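**Student:** Input: one structure, supplied below.
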Amino acid sequence: MMTLKVNGHDHQIDADPDTPLLYVLRDDLKLNAAKFGCGLGQCGACTVIVDGKAVLSCVTPLILLDGKQVTTLEGLGTIEAPAPIQRAFMEEQAAQCGYCIAGMMMRAQALLQRNPKPSDEQIRSELEPNLCRCGTHMRIIRAVHRAARLMDSAELSPAGQGSAQ
Amino acid sequence: MTKPRIIAGIAIAALIGGAAAAFAVIWRPAIATVEPAAPQSFDPALVKRGRDLAALGNCNDCHTMRGGKAFAGGLPVPTPFGTIYSSNITPDPDTGIGRWSEAAFRRAMRSGVDRAGHHLYPTFPYDHFTNVSDEDDRALYAFLMTRPAVHATAPRNDLKFPFNHRFVVAGWKLLFLQHGTYKADPAQSAESNRGAYLVEGLAHCGACHTPRNALGAERTAASFSGGDVENWQAYAINAKSPAPLPWDTEALYRYLRHGWDPDHGVARGPMAEVVSNLSSVPADDVHAIAVYMSSVFGAPTQERLRQANEMRAKIKSPPAQAAQGDASGASIYAAACAPCHESGRPLPYGGVNLGLSTALSAPDPRNAANIILSGIRPVAGERSPIMPAFADSMTDDQISAVLKYLRSRFHNQQAWPDVEQTVRDARHSQTVLLQRDKP
């Protein structure tokens with residue numbers, strides 16, 4: 001039994017230490033934003049944030065998460081109150097089939113927390129591990145720029161929403 | 001003449017003689033500048049040949065900044081003596097080699113002296129390039145002179161005293177620069193001799209794979225016994241090779257030509273650029289290198305073949321016993337490594353069975369630590385290997401635990417000393433590298 005901190009809540013998990021985080025998120029905690037794509041850490045669909053960094057949850061066993069904070073897309077915002085990154089992806093219509101988008105948003109979120117005004121080049125380089133088969137790459141890049149602007153203005157307003165831990 | 005005057009006379013004569021000798025060793029004349037030749041004045045077939053030779057020589061690797069313009073130089077090369085920046089070898093007349101004549105270019109290749117007569121530091125491997133034929137130098141010159149000129153001045157070298165004085169290099173050459181180290185061996189096939197000419201010359205394999213002495217010269221008595229290149233280990237590529245399965249001509253050819261071999265895994269680290277270049281040159285030349293290097297490795301001993309067969313059998317069966325060491329290493333391996341490395345998917349997209357990994361049978365875990373931290377980024381537009389980076393999901397202690405587990409699970413050699421320190425150093429140098437690479 002171990003304690004897993006996800007989206008600000010502690011969960012008691014009864015699983016082997018080599019269980020991938022993705023399985024626990026989806027099967028035990030019913031947090032289905034992170035997707036199973038390749039299971040090999042090669043596509044990025046399973047990306048979540050661990051202690052501020054984008055991590056591939058399909059190749060991250062529970063044993064690596066002791067004492068760490070996991071954030072999934074559900075922890076950023078809701079349908080009623082979407083986080084800036086979610087609003088930006090909707091406003092730019094960045095999703096086509098949408099399978100890769102949760103992972104894209106999580107990696108972009110980690111980038112924006114570290115670098116609030118990334119250049120086009122930095123966004124491209126950062127998102128390189130995440131694959132999109134539909135081809136909405138240009139919209140995704142625009143959405144990340146838009147999210148940067150939204151976060152910038154959100155910080156100025158007292159009711160700033162959706163900042164990850 | 002009094003005695004003191006005789007002594008003074010001898011001393012002065014010795015000083016003059018010494019100065020003259022030093023002058024002869026150090027001083028090299030400038031070679032007159034030429035007007036940059038028009039690109040169309042070069043024979044296209046010669047330019048094409050030069051292009052292949054430049055790829056065999058891996059010239060772009062040092063003479064191009066990551067993401068920068070080809071051959072414009074400026075790449076920092078860390079050495080034990082300080083940092084040296086590669087020079088601009090585009091035909092720019094002011095900052096490149098546009099005003100160099102072919103004779104000046106040939107002298108640089110053969111003797112490490114630039115057009116103006118300055119000694120070049122041996123990070124430019126003229127101890128190998130001295131073996132390059134006039135004909136090949138001519139083709140390389142034609143190729144470089146037809147590249148786009150880039151106006152770019154490399155930063156000043158940052159070297160410790162006395163290495164910041166170029167005349168020191170003259171002394172170095174006196175000690176270590178030997179001309180004509182390649183000679184065709186009539187007892188060997190033409191193909192093997194062709195391979196030897198390339199390996200000992202332009203391809204300068206020993207520059208990384210031969211250990212260096214305190215003055216930074218290759219220890220020729222230990223040729224191909226393994227060396228250091230930046231924060232990577234260049235493995236021994238002779239009888240001392242730590243590879244779990246012995247190399248032969250065909251395996252070497254596949255690895256050098258395609259960047260991976262099913263019995264040995266993929267090329268990465270500084271070798272990635274080498275194999276990328278070798279994928280574009282005439283196949284015959286790569287095969288010739290493989291033939292020659294296979295003779296450098298030598299035929300495997302009976303004992304080596306027995307161990308190889310044992311390993312082949314071992315990787316087909318599940319581990320007979322739990323490996324020693326921390327259980328956390330086994331858990332990390334099961335979730336983070338095994339999905340690819342035990343999937344049996346073919347290279348380069350699947351991972352090599354780690355029983356075959358030279359990184360794990362090598363004398364130290366540097367390369368394995370580097371790869372776990374930074375992964376392998378696929379090359380755009382190429383069929384290339386891929387592996388996720390674990391720097392952000394594993395601590396140094398966790399990486400150390402998995403390295404110790406892998407060493408004991410897959411290899412019978414003694415445990416590595418100081419794995420934790422190696423991982424810390426690797427993370428530090430990777431961070432520096434990533435910062436350098438970021439636009």
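The values are calculated or read from the model by the stated rules, or taken from the named source; none is laboratory data. Fair warning: this is a prediction, and the values are worked out from it, not measured in the lab. All Cβ positions, even for glycine, are placed from backbone atoms using ideal geometry, and neighbour counts span all protein chains on display.
**Student:** Would you point out the residue of the stretch B:328-349, among those that are at the interface with chain A (Cβ under 8 Å from one of its Cβ atoms) and among the small types (Gly, Ala, Ser), that is surrounded by the most Cβ atoms within 10 Å (Cβ to Cβ)?
**Tutor:** Once the filter is applied, the top-ranked residue is B:Ala336.
**Student:** A further question follows. Suppose we filter A:Leu4, A:Leu31, A:Leu21 for residues that are buried (at least 19 other Cβ atoms within 10 Å of the Cβ), more than 14 Å from chain B (Cβ to nearest Cβ) and free of Cβ contacts under 8 Å to residues at least 60 places away in the same chain; which single one remains? Before the answer, list the steps.
**Tutor:** Numbers: A:Leu4 fails: free of Cβ contacts under 8 Å to residues at least 60 places away in the same chain; A:Leu21 fails: more than 14 Å from chain B (Cβ to nearest Cβ).
One residue alone meets the criteria, A:Leu31.
**Student:** Looking at B:Ala187, B:Ala139, B:Ala149, B:Ala196, which one is part of a loop (DSSP other than H, G, I, E, B) and within 26 Å of B:His287 (Cα to Cα)?
**Tutor:** B:Ala187 is the lone residue from the list that is part of a loop (DSSP other than H, G, I, E, B) and within 26 Å of B:His287 (Cα to Cα).
**Student:** So which of B:Thr146, B:Thr130 is of a type outside the set (D, E, K, R) and closer than 20 Å to B:Glu218 by Cα?
**Tutor:** Working: B:Thr146 fails: closer than 20 Å to B:Glu218 by Cα.
Unique residue meeting the criteria: B:Thr130.
**Student:** Please determine whether any residue of the stretch A:65-72 is in contact with a helix residue (DSSP H, G or I) (Cβ under 8 Å, 6 or more places away or on another chain) and facing chain B (nearest Cβ under 10 Å). If you could, list the steps in order and put the result at the bottom.
**Tutor:** First pass over the stretch A:65-72, keeping only residues in contact with a helix residue (DSSP H, G or I) (Cβ under 8 Å, 6 or more places away or on another chain): A:65, A:70-72.
Checking the rest, the ones that are also facing chain B (nearest Cβ under 10 Å) come to A:65.
Yes, the conditions are met somewhere in the stretch A:65-72.
**Student:** Could you tell me which numbered condition B:Arg138 fails, if it satisfies all but one of (1) under 29 Å from B:Ser295 (Cβ atoms); (2) assigned by TED's automatic domain parsing to the domain that holds B:Val47?
**Tutor:** (1)
**Student:** To continue, here is another question. Regarding B:Gly355, is this residue over 17 Å from A:Cys38 (Cβ atoms) and in a loop (DSSP other than H, G, I, E, B)? I'd like the intermediate steps shown before the answer.
**Tutor:** Working: over 17 Å from A:Cys38 (Cβ atoms): yes; in a loop (DSSP other than H, G, I, E, B): no.
In short, no.
**Student:** Give me a count of the residues in the stretch B:124-183 that are modelled with pLDDT of 95 or more, more than 21 Å from the chain's Cα centre (by Cα) and aromatic (Phe, Trp, Tyr).
**Tutor:** Here the count works out to 2.
**Student:** Conditions: (1) surrounded by fewer than 20 Cβ atoms within 10 Å (Cβ to Cβ); (2) in a loop (DSSP other than H, G, I, E, B); (3) of a type outside the set (Lys, Arg); (4) touching a strand residue (DSSP E or B) at 6+ places or on another chain (Cβ under 7 Å). A:Phe36 meets all but one. Number of the miss?
**Tutor:** So A:Phe36 meets the others, but not (4).
**Student:** Return a yes/no flag: does the stretch B:282-296 have any residue that is assigned to a loop (DSSP other than H, G, I, E, B) and modelled with pLDDT of 95 or more. Walk me through it before giving the result.
**Tutor:** So the first thing to find is which residues in the stretch B:282-296 are assigned to a loop (DSSP other than H, G, I, E, B), and the list is B:282.
Right, trim to modelled with pLDDT of 95 or more and you get B:282.
Within the stretch B:282-296 (the criterion being assigned to a loop (DSSP other than H, G, I, E, B) and modelled with pLDDT of 95 or more), the answer is yes, since at least one residue qualifies.
**Student:** In addition: Give B:Ala369, B:Ala391 a once-over and let me know the one that is within 19 Å of B:Ala272 (Cβ to Cβ), touching a residue at least 12 places away in the same chain (Cβ under 8 Å) and away from chain A (no Cβ under 13 Å). Talk me through it step by step, then tell me what you get.
**Tutor:** Numbers: B:Ala391 fails: away from chain A (no Cβ under 13 Å).
After ruling out the rest, the residue left standing is B:Ala369.
**Student:** Cβ-Cβ distance below 9 Å, separation of 6 or more or different chains: which pairs start in the stretch A:34-63 with a residue that is within 9 Å of chain B (Cβ to nearest Cβ) and end on one that is part of a loop (DSSP other than H, G, I, E, B) and basic (Lys, Arg)?
**Tutor:** A:Leu40/B:Arg345; A:Val50/A:Lys68; A:Asp51/A:Lys68
**Student:** Could you give every pair whose Cβ atoms fall below 8 Å, whose first residue belongs to the stretch B:213-234 and is in contact (Cβ under 8 Å) with a residue 40 or more places away in the chain, and whose second residue is among the acidic types (Asp, Glu) and not in a loop (DSSP other than H, G, I, E, B), counting only separations of at least 6 or pairs across chains?
**Tutor:** Short answer, once both residue conditions are applied: B:Ala217/B:Asp127; B:Glu218/B:Asp127; B:Asn231/B:Asp425.
**Student:** I've got another one for you. Quick one: in the stretch A:115-135, of everything that is within 11 Å of chain B (Cβ to nearest Cβ) and part of a helix (DSSP H, G or I), which residue is nearest to the chain's Cα centre (by Cα)?
**Tutor:** A:Glu126
**Student:** Can B:Ala170 be described as hydrophobic (A, V, I, L, M, F, W, C) and touching a His at 6+ places or on another chain (Cβ under 7 Å)? Spell out how you get there, then give the answer.
**Tutor:** On the way: hydrophobic (A, V, I, L, M, F, W, C): yes; touching a His at 6+ places or on another chain (Cβ under 7 Å): yes.
Spelling it out, B:Ala170 is indeed hydrophobic (A, V, I, L, M, F, W, C) and touching a His at 6+ places or on another chain (Cβ under 7 Å).
**Student:** Also, quick follow-up: Given the conditions (1) surrounded by 19 or more Cβ atoms within 10 Å (Cβ to Cβ); (2) within 14 Å of chain B (Cβ to nearest Cβ); (3) not in a strand (DSSP E or B), which single one is not true for A:Arg87?
**Tutor:** (2) is the only condition that A:Arg87 fails.
Okay, residues lined up against (1) in a helix (DSSP H, G or I); (2) under 26 Å from B:Phe161 (Cα atoms); (3) among the acidic types (Asp, Glu); (4) touching a Gly at 6+ places or on another chain (Cβ under 6 Å):
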position	(1), (2), (3), (4)
B:Ile7	yes, no, no, no
B:Ala19	yes, yes, no, no
B:Ala45	yes, no, no, no
B:Gly50	yes, no, no, no
B:Ile84	no, yes, no, no
B:Ile89	no, no, no, no
B:Ile97	no, no, no, no
B:Ala108	yes, yes, no, no
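**Student:** Test each condition in (1) closer than 24 Å to A:Pro17 by Cβ; (2) surrounded by fewer than 23 Cβ atoms within 10 Å (Cβ to Cβ) for A:Gln93 and report the one that comes out false.
**Tutor:** Unmet for A:Gln93, out of (1) closer than 24 Å to A:Pro17 by Cβ; (2) surrounded by fewer than 23 Cβ atoms within 10 Å (Cβ to Cβ): (1).
**Student:** Hey, another quick one. Within the stretch B:110-119, work out how many residues are surrounded by fewer than 19 Cβ atoms within 10 Å (Cβ to Cβ) and not in a helix (DSSP H, G or I). Steps first, answer last, please.
**Tutor:** In the first step, residues of the stretch B:110-119 are kept if they are surrounded by fewer than 19 Cβ atoms within 10 Å (Cβ to Cβ); the result is B:110-111, B:116-118.
Filter once more, so that each one left must be not in a helix (DSSP H, G or I): B:116-118.
Count: 3.
**Student:** Please go through the stretch B:199-218 and give me each residue that is surrounded by 14 or more Cβ atoms within 10 Å (Cβ to Cβ) and either in a loop (DSSP other than H, G, I, E, B) or outside the structural domain of B:Ile237 (by TED's automatic domain parsing) (or both), ordered by number.
**Tutor:** Kept after step one, since they are surrounded by 14 or more Cβ atoms within 10 Å (Cβ to Cβ), are these residues of the stretch B:199-218: B:199-212, B:215-218.
Matches in the stretch B:199-218: B:Gly201, B:Leu202, B:Ala203, B:His204, B:Cys205, B:Thr210, B:Pro211, B:Leu215, B:Gly216, B:Ala217.
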